[in-house]
1. Residues of the stretch 44-80 with the amide nitrogen closer than 17 Å to a label point 7 Å from the Cα of Phe188, along Cα-to-Cβ, please.
2. Would you mind checking which residues have amide H under 5 Å from Phe41's amide H? H placed 1.01 Å from N; only 5 or more apart, or other chain.
3. Tell me which lysines have Cα within less than 26 Å of Lys205's Cα, excluding those fewer than 8 residues away on the same chain?
4. How do the peptides 324-336, 484-496 rank, highest first, by the average count of neighbouring beta carbon atoms within 10 Å per residue?
5. Along the stretch 508-520, what does the Karplus equation 6.51 cos²θ - 1.76 cosθ + 1.60 (θ = phi - 60°) give for ³J(HN,Hα), rounded to whole Hz, x for Gly and Pro?
6. Sequence-distant or interchain residues sharing an amide H contact under 5 Å with His192, placed H: which?
7. Under the Karplus relation 6.51 cos²θ - 1.76 cosθ + 1.60, θ = phi - 60°, what is the ordered set of whole-Hz ³J(HN,Hα) values for the stretch 229-244, x standing for Gly and Pro?
8. Residue by residue, what Karplus-based ³J(HN,Hα) values in Hz, rounded to whole numbers, does the stretch 76-91 have, using 6.51, -1.76 and 1.60 with θ = phi - 60° and x for Gly and Pro?
Amino acid sequence: ALLQEADILEIITNIISGTLLVCSDGSFSPHSGTGSHAWVFATAEGQALLQGAGPIDCHPEHLSSYRPELGGITSLLFLLTVVVRLGAIANGQVKLYCDNKSALENVFEEIPKRGIYPLLAVDYDLLVLAKDLLKNLPIKVSWGWVKGHYSGDNRQVQHDLNALVDTLATQFRQDPAAGYEPTAYPMFHPLHKAAVYIDGSMVTKTLSKAIYEQRFQVALMNTVKKRAKWTEVTFQNIDWDIFGKVFKSYSRFHQISIAKFVHGLWNTGEQKVLFKQEEEGLCPCCKSAQETTIHVFQCLAPEVVTHRDKQLLQFTEFLDEQELPKPVKQCIHAGMTTWLDSAMEKPALHAPTRGRLMPADQMATQAFVAQTTIGWDAFLRGQISHLWRKAILFSSPVRDEDAAETHLRRLIKKLHSFSLSMWECRNGIIQGNTQETRRAIRSATIRDKVKEAYTLYSEGKILLLPRDETLFERKILGMRLKGDDDTLLCWLRSLEVAINACEKQQSKAAKLAAVFFQPFRELGRQKLAERRLTMLQSQIEETKSFSEQRSVVNPEEEPYSQRETDQMETEVSDFTKSQYNLRRQKAIVVEGLGDTFFCNELDEEEQPGWYEMRSEDSIVSPGPFHAATVLEQTFSSDSSYIQSRRRDIAYSFDTFTTSSATIPTPEGYRAERRIAQMDHIDHLAEGIERMNQGTPQDEDSTFQPDTLGAQLPTDSDTSEDNTEQNWIVDKSHIGSLTAQQMLRFPLHRIMDEAPISSEADFFGSMAESPVLPETRDRSIFLIRGRIP
C-alpha cells in the first residue's frame, strides 16, 4: 500500500507528543549468506502506523546476525530524519527498540572512540551512517532493549512490535521483492573516511582477520594439503564451511584443544621423537608400536579397546536419535567401526549400501567413497565431505538446508567429543583415572625428582653458592623423602631458585673476567700476529734465496713449473733442505765421475721409459708411496725436484748378496733410502781415491786397464747431439782413468738395486722389487751424464 498523508501527520503528531514507538529487527541465514532487516512505526498502544523491510548488502563471508540488526536501526534513523524534515519538527521524542543490545550501545555511544579505532569497528560503514543521522536529528531519540521471541507472561507492546518486525524480516529474506535482492557489494558513502576492498567487496568486519587470511590463507592451505597428502580436488571436497562454523561455536579453551587435535599437535610418541625427547616413542598403553595420532584411536591395549567400544556404542545411540536418512547412518557407522578396527591409516573400505539401486543409497555410497578418499581419521577431526550434506538434503522431504546444517553441526561436535575422550583415556592410563591414582603417581614423580637432584649434586653436576649448599647438607636423602608432597615441592622450587642464582653469579663473573683479561688477549693476539708475520717473511726470503741459488747453478735451465713449485713448497721442509745441502757437500768429491770412465754408449731406444723413471730415488722426493709401482718408476729418478736441475745419474748394482729392507712408514722408507745413498756416495768416493793412488778395493781384485771397446768422452765431444748419453762402464776399466777425467761428469744420485747377470736382464730384474744393498762389490755402473 502507498504511504498515506494521514499516516505521516499522525507520525508527526506522535513525535511532537513524545509517544511514538519505533522498532527494528534483522534476519540472517548462515547457510545462504544473506540477510535482511525490517522496521515499524507505532503508537504507544501498539498500532502500526508505518512498516517496511529491505535487504542487507554484504559479502557472505563478512555477514553475521549483527549487521542486519544494525541495518534496521540505521533505516529507522534515516526515516525519522525524512519525517522530521517534512514536518519541520524542532522538538520531539522517540523511543527506539531493538533486540540486539550491542548494536544499540554502539549507535548511542556517549563517548565516541577516537583515532583509528572507529574505522576498525565491525560494520563500520553502517555504524558511521547511523551515528551521523542520530547526531543531526533535532529531536531526542532514546533506546531500549527488548528480548527477542519473548513468550513469557509479562508481555508488553515492544514485544509485539519485535515479533512483527522479525516476521517481516524473515519473509523478505526468504522471498525478496524483485529488484531488491541483497548483493555482496556494499555501497561507498561520502561519510566513509576509509574502506578496504577485497575482490571488489568492502570489508565490513574483522579487518585484521581479512588481511591475515589474504596474506596467509594460501600458504596455510598448502601446508594442510602437504601434511594430509591431499590433492587439490580432495581438499575442495571437504565441507570447510560447516567445519569453521562448528569451530567458532566453541569457547576459547575448547578451540585450543580442538586445534591441537586437528593439526596433529598432541604430545604423542611421534612428537617426542621429533623433538628428541625419546628415541622410539612407543605407545605408553600397548608399548608395541610408535604412538601417533592415528594409533591413539587404533591402539590394541585392553583398556583402550574397552573405552573405544563404550564410546562407539554411545555414538551409535546418538546416530539413532538423529533424524538422518538410514543409508547415511549405516555408512557413517560402518566407516568408523571398520577403520578403528583395521589398525591401518587408509584401509580398503566398502560402503554397506554399495550395489543398491535406490537414489538415497547411491547418494550415501558416493559420500562414503568421498570420505574414504579424504580419510576416516579426518572424519573424526570433523573434516567431512560435502556430499554428506547432499545425501541428507536428498532424503529430506522439505529439503531444508538449515535443518541439514543443524544435523551436520551436531554430528561434528559428537565426533570431536569422541576423539577427545580417546585422548583423555590415554592420559588417564598414564596419569591415573581416579583421584587416588593421580595422587600416587604425582607423589612418586616428586620423589623421583628429589632423588635425581641428590644424585646430580653428589656427581658434581649441580653447582650452588656456598650459602645454598645447606639444601643438601642439612638433611640426607632418606630424611628428605620423609616429608610430604608439599614440602618436597617447596624444596624443589628452592633448589631451582638456588641454581638460577648460581648461574647468574657465574655469568656475572664471566663478564667481569672478560673485561679484565681483554687487554691481555689483545696483546697476545698482537704478538701472535707479529710472530706469524715474521715467519711468513722468513719463508718468503728463504724461497727467494732458494730460487736465486737454483738460477745461479744453471741459469740456462727453464724455471720451475707451477706443479714443481707447489710440490717443493708442500713436501720439502726447511729441515730437509738443510740436510740436503749438507749431503750435497759430501757428494761434491764425486762431481765429474763420468768423464773418467771407459763407457759403452747405449741407444735411448733400447732403454724404454728412461725419461719417465724419475720419481722415487730423489733425495728430496716423497718416495714410491706417491706414485703407482710400475716398471719405469721402480728404478727411475726424477731430477725435476733437485735443486741443481741436472740430470746426471749413476746406478750401481750389487753382484753377490742383497737383502730387502721393509720400512713400515713412508717417512722411514725415505730416510733409509737417503742414508743408503749417502753411504754409497762416500764409499764410491773412497774407491775413486784408491784408484787414483793405485790401491785395489779388494784383496782378490786388481785394476787392469782394458780399453777394448770402450768409448771414452774426449774434450772435443762438445756437440749438442752429444750433450746427454748413456754409458755401460765395466769395473775393470776404471783403473786406467785419472781423477781429472773422472770429474768431467757431475754425479747427483746413486741407487743400488738387485744384482743382474746381463744387460738383457737389466729391466726384468728391476721390475720385481727394489732392495737395499748390504754388500759394496759393484761390477756394472749405468751412468747417464752431461758431456761438457
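1. From the stretch 44-80, the list is 58-59.
2. Counting only residues 5 or more places away or on other chains, the set is Leu49, Leu50, Gln51.
3. Correct list for Lys205: Lys101, Lys113, Lys131, Lys135, Lys147, Lys193, Lys245, Lys248.
4. Details: 324-336: 20.1, 484-496: 13.2.
Per-residue mean Cβ counts within 10 Å order the peptides as 324-336, 484-496.
5. Values per residue, Gly and Pro as x: 5, 5, 5, 5, 5, 5, 5, 5, 5, 8, 4, x, 5 Hz.
6. none
7. With coefficients 6.51, -1.76 and 1.60, one gets 6, 9, 7, 5, 5, 5, 4, 6, 6, 7, 7, 6, 5, 5, 5, x Hz.
8. With the stated coefficients, the stretch 76-91 comes to 4, 5, 5, 5, 4, 4, 5, 5, 4, 5, 5, x, 6, 7, 9, 9 Hz.
The values are calculated or read from the model by the stated rules, or taken from the named source; none is laboratory data. Computed from a predicted structure; not experimentally measured. When we count neighbours, we look across all protein chains shown, and the Cβ atoms used for this are built from the backbone with ideal geometry, even at glycine. Protein only, heavy atoms only, side chains kept; ligands, DNA and RNA dropped before computing areas. Shrake-Rupley method; radii C 1.70, N 1.55, O 1.52, S 1.80 Å.
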